[in-house]
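Novice: Structure in structure tokens, see below.
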Amino acid sequence: MPYKITVDTGGTFTDVVVTDADGRLTIGKAPTRERAFDGVRGGVEVAAAELGITAGQLLADTTTFVYSTTRSTNAILEGRTARTALLVTEGFPDILVLREGGKHDGFDLSVRYPEPYVPRALTSEIPERIDSEGDVVRRLDEDAVRDILRRLRAQDVEAVAVCLLWAIVNGAHERRVGELISEELPGIPYTLSHEVNPIVREYRRASTAAIDASLKPMMSAHLSAIAEDLAAAGFRGELMVATSFGGVLHLPDAAARPVDTVRSGPSMAPVAGLTFARAENDNRDVIVCDTGGTSFDVSLVRAGAVTFTNETWLGPKYLGHLTGTASVDIRSIGSGGGSIAWVDDGGLLRVGPRSAGADPGPACYGRGGTEPTVSDAACVLGYLDPDTFLGGRMPLDRDAANTAVDGLAATLGLSREKTAESVLTVANEHMVGAIQDITINEGVDPARALVVAGGGAAGLGIAAIVRALGCSSVLMPRSAGALSATGGQFSDIVAEFTASQFADTRSWDFEAVNSVLKGLDERADEFAAGLRERGVDGITVDHLVEARYAYQVWELEVPVGAQIDDADGLAALRQAFDEAHERVFSVKEPGAPLECLTWKARLRAPVGSRAVAAVTERRDGLEPVRTGADRVKPAYFDGAWHDTTVVAGGSRPPGTVLAGPLVVEEPTSTLVVPPGARLHVTSAGNYLVEV
């Protein structure tokens, strides 16, 4: 039987999702290991055992393997990328130093100025100059470039980023520098800014190039190792890699642009959220919450489409590093099941952003962790059962959880139960804030949207979160414990091609705009031809533009036609922008002049469609590891212990309605339904909690 496997390697657990020819989902979950394949193999073994076959048989019968990882994101945040040099036009050495300015609090003088992504000591100025029309003002000094490259070789540089002024109009100098790098530094990977992100803004273009170059040595080795380990384990199918677009690419394409793997794992969650919402015939906007061991990620689906952004910061806004490329809009905070609770100097309880991770993990994991975490609090309150956690495969140490929380309780002067309840409350408030940031701040009323919850720790506090948001209900799929990995089952191949061309509606240059759009289509067609050689068909291309009202600073992305041939096409563009501006800012200026800067062709090839159809048709979904009659145990809600019914996942047919308090135990997640809430088992076999 053919299988499709999707994997999400997180900071705490590695999630593996398998679908068979009938579309049935099987989930394997295992702790993440230093060598990525060790965690993958653990998850594959669990899934294979569920299917009654060996891991080798499962991999041998798998036709497609989709891999997503936090490896690139973590490397950037932890400073473990390659030693990278930056080459810029003479006179512009501080692009990464000065960035675009910006500060959360302009009057806080205690905040240190952030270090640039590439140190100034590794930034070199190249004698050359091209103007905004693409004309060569100063020829490239090749001898100077060679001298610089030889000096970089002596500095043990491992990668090179090149960002020259106005290369987006004329990339000849950047291309020649690339050739010189190949001659003087053979084997050293490099990235040219006009190829990786051809946009007007210098900082974003330079940042993209620097990040991409710095990841190439590590990600090339990492992806090659995954491919080799899979082949050694018996896999002979097609290996694909999840990207920040919420789609997938074949491994060679992903390795060539590793910047697209940044935050690839979380980008799969909204794809899954949209799929599950449509399976329930719910056409509202969707808020997707993915709560893992180390982070809480929230994303949004509007009008049936996953939202994108060019504002993907790694680390704090302004203080972190900007990828500069379009990606799924995800807001993340350091709040998950492994987030550590602590008391600050002012005596206030804090939760996160520091996490216990996978090793040693929360105290209740019994691996030597001693600091109290969200998972420990849930264990103390009776939400997590030591005997049934992770389908009974990973017993918890409740005594260790009690001891960890007791230490915090002594500091706060509260009881053990009240302290644990407070930990969950603080963590939930962090998550409410993140959801409000991506909804209310973007013109979306969360009370009118459907919340889809996923991640291993999602069910612990999601009812309280949606209640605080004013929402009426939350949908939690049975595969919620591996939401991002499940999204990989539904993800299509997505690739984006970009070009810059300034256009103003007051003096529109139809020929220049259409030439750019035609060039984008040619690049998309070339990429599509390679996909068709691999047997991929049904390819579509959407066209978009980043536009703004005249004199505004930032742009909004709106759809356009493949060509803009006349006044009617221009009027359609203006109307689309007016509607987008009103949706985001609650105001529009019909007739005001528009300025368009960046044009895009977004290619999509449907490789996940069969999985989507299967989800809407099947009702049995996952088979639980543990079955049997309900049991009753004490759990703590609202300051008191309650007799709480524990229900095994999959033990209730569609249409069942149960009143809280109760706990639903799935093999990879736990759903807590507090008093006053009701649980509905939907027609698709998932859980809808009304609060």
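The values are calculated or read from the model by the stated rules, or taken from the named source; none is laboratory data. Since we're looking at a predicted model, the values are computed, not measured. Glycine gets a Cβ as well: all are built from the backbone with ideal geometry, and neighbour counts include every protein chain shown. To get the accessible areas, we keep the full protein, side chains included, count just its heavy atoms, and leave off ligands, DNA and RNA. Shrake-Rupley method; radii C 1.70, N 1.55, O 1.52, S 1.80 Å.
Novice: So which trypsin sites (Lys or Arg not before Pro) in the range 490-551 are both in a DSSP loop and have at most 16 other Cβ atoms within 10 Å of their Cβ?
Specialist: Passing sites in the range 490-551 are ARG534.
Novice: Could you please state how large a percent of the accessible area of the range 144-250 is carbon and sulfur, counting protein chains only and using a 1.4 Å probe?
Specialist: 49
Novice: Can you tell me the FRET efficiency between GLU311 and ASP359 if r is taken as the Cβ-Cβ distance and R0 is 25 Å, rounded to the nearest 0.05?
Specialist: Efficiency, from the Cβ-Cβ distance: 0.15.
Novice: Counting only DSSP beta bridges with both residues in the chain, tell me the antiparallel percent, nearest 5.
Specialist: Close to 70 percent.
Novice: Can you tell me the accessible area per residue over the range 31-113, all protein chains present, probe 1.4 angstrom, in square angstrom?
Specialist: Averaged over the residues of the range 31-113, the accessible area is 50 Å².
Novice: For GLU179 paired with SER110, estimate the spin-label separation in nm (one decimal), with each label point 7 Å from Cα along the Cα-to-Cβ line.
Specialist: Reported label-point gap for GLU179 and SER110 is 5.5 nm.
Novice: Taking all protein chains as present, what is the carbon and sulfur share of the accessible area of the range 458-589, in % to the nearest whole number, probe 1.4 Å?
Specialist: 48
Novice: While we're here: Report the relative contact order of the range 164-250, percent, no decimals, based on alpha-carbon pairs under 8 angstrom and at least 6 residues apart.
Specialist: For the range 164-250, the relative contact order is 18 percent.
Novice: Would you mind working out the accessible area per residue for the range 636-691, using a 1.4 Å probe, and quoting it in Å²?
Specialist: 35
Novice: What do you reckon, how do GLU50, GLU579 stack up by accessible area (1.4 Å probe), largest on top?
Specialist: Ranked from most to least accessible, the order is GLU579, GLU50.
Novice: Another question, then. Hey, what did the range 327-455 get for relative contact order, percent, Cα under 8 Å, at least 6 apart?
Specialist: Contact order relative to length: 23 percent.
Novice: Also, quick follow-up: Compute the acute angle (0 to 90°) between the alpha-carbon long axis of helix 172-184 and the principal axis of greatest extent of the alpha-carbon atoms of the chain; round to the nearest 10°.
Specialist: 70
Novice: Can I ask one more? Give me the 1.4 Å probe accessible area per residue for the range 122-186, excluding ligands and nucleic acids, in Å².
Specialist: 47
Novice: I'd like the accessible area for GLU589: 1.4 Å probe, protein heavy atoms, all chains in place, Å² to the nearest 10.
Specialist: 100
Novice: If you don't mind, another one. By DSSP, what percent of the beta bridges with both residues in the range 56-200 are antiparallel, rounded to the nearest 5?
Specialist: In the range 56-200, DSSP labels about 15 percent of beta bridges as antiparallel.
Novice: Rounded to the nearest 500 deg cm²/dmol, what is the calculated helix-only ellipticity per residue at 222 nm for the chain, with -39500 (n - 2.57) per DSSP H run of length n ≥ 4?
Specialist: Helix contribution divided over all residues of the chain: -10000 deg cm²/dmol.
Novice: Compute the Cα gyration tensor for the range 458-504, then decide on rounded, prolate or oblate, letting a ≥ b ≥ c be the square roots of its eigenvalues: rounded whenever a/c is under 1.5, prolate when a/b is larger than b/c in the other cases, and oblate in all that remain.
Specialist: In terms of gyration-tensor shape, oblate.
Novice: What ranking, highest mean first, results for peptides 133-140, 385-392, 236-243 when packing means the other Cβ atoms within 10 Å averaged over each residue?
Specialist: Ranking the peptides 133-140, 385-392, 236-243 by packing returns 236-243, 385-392, 133-140.
Novice: Further question: Quick check: the distance between the Cα centres of the range 421-486 and the range 204-268, to the nearest angstrom?
Specialist: Result: 29 Å between the Cα centres.
Novice: Here is a further query. Order the following by accessible area, largest value first: TYR551, TYR113. Probe radius 1.4 Å; ligands, DNA and RNA are ignored.
Specialist: Ranked list, largest accessible area first: TYR551, TYR113.
Novice: Please identify which residues in the range 333-359 have an amide N closer than 12 Å to a label point set 7 Å out from the Cα of ASN441, following the Cα→Cβ vector.
Specialist: Flagged as within label range: 333.
Novice: Cα-based count: Lys pairs in the chain below 29 Å, eight or more positions apart or different chains?
Specialist: Total qualifying Lys-Lys pairs in the chain comes to 13.
Novice: Related question: Just flag the chymotrypsin sites (Phe, Trp or Tyr not before Pro) in the range 1-85 sitting in loop per DSSP whose Cβ has no more than 15 other Cβ atoms within 10 Å.
Specialist: Those that pass, being in a loop and sparsely packed, number zero.
Novice: Against the longest principal axis of the chain, how steep is helix 202-232, in degrees 0 to 90 to the nearest 10, with axes from Cα atoms?
Specialist: The answer is roughly 60 degrees.
Novice: Quantify, in whole percent, the carbon and sulfur part of the accessible surface of the range 283-337 (1.4 Å probe; protein heavy atoms only).
Specialist: Carbon and sulfur atoms account for 51 percent of the accessible area of the range 283-337.
Novice: Give the relative contact order (percent, whole number) for the chain; include only Cα pairs under 8 Å separated by 6+ residues.
Specialist: 13
Novice: For TYR190, TYR365, give me the order by solvent-accessible area with a 1.4 Å probe, most accessible first, ignoring ligands, DNA and RNA.
Specialist: TYR190, TYR365
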